[in-house]
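Coordinate-derived values only; no laboratory data. Please read all numbers here as calculations on a predicted model, not as lab measurements. Glycine gets a Cβ as well: all are built from the backbone with ideal geometry, and neighbour counts include every protein chain shown.
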Amino acid sequence: MTLFASGDSVTRAHLHAVVDKGYEEDSAVDSKAAEYLHISEAFEHAAEFISSTATMNFMPLTYTRLVKTPVLTTIHGFSSAKIMPIYQKYRDGYFVLHQRLRSSRRAELPGDRLQRHRSLVVPASGTRR
């Protein structure tokens with residue numbers, strides 16, 4: 001398993017880092033820049049894996065049709081109704097719901113490929129081919 005995360009992450013998986021510290025620990029790191037650097041790095045290496053898990057909500061969805069590797073996206077919640085067009089466009093993807101997602105919000109979810117899941121702990125990971 002490979003974890004795409006900040007270099008200070010503690011994991012038993014192989015760590016693939018594009019920034020030394022997370023933006024919560026280093027105010028010099030721009031949060032959006034760090035997030036997109038990790039997402040793009042993971043997708044640039046997607047062919048090396050048999051599958052990938054993305055727990056960064058809607059942002060990785062925009063890359064999923066660019067790779068052949070299946071991507072499972074964990075939905076933690078919705079920060080705003082303004083992001084729903086992304087979920088609608090990529091509703092043919094594979095999704096799991098974080099257990100804390102209120103049942104009242106589930107009606108807003110796209111597609112029929114939703115599964116209940118307790119949680120996934122890695123931002124973007126995969127098992128090598």
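Please report ILE75, ILE50 as a ranked list, fewest other C-beta atoms within 10 angstrom at the top and most at the bottom.
Working: ILE75 21, ILE50 10.
Final ranking by Cβ density, sparse to dense: ILE50, ILE75.
Among the lysines, which fall within straight-line cross-link reach of LYS21, defined as a Cα-Cα distance under 27 Å, with same-chain neighbours fewer than 8 residues apart omitted?
LYS21 reaches LYS32.
Extending each Cα 7 Å along its Cβ direction at LYS68 and SER27, get the distance between those two points in nm, one decimal.
My value for the distance between the label points is 4.8 nm.
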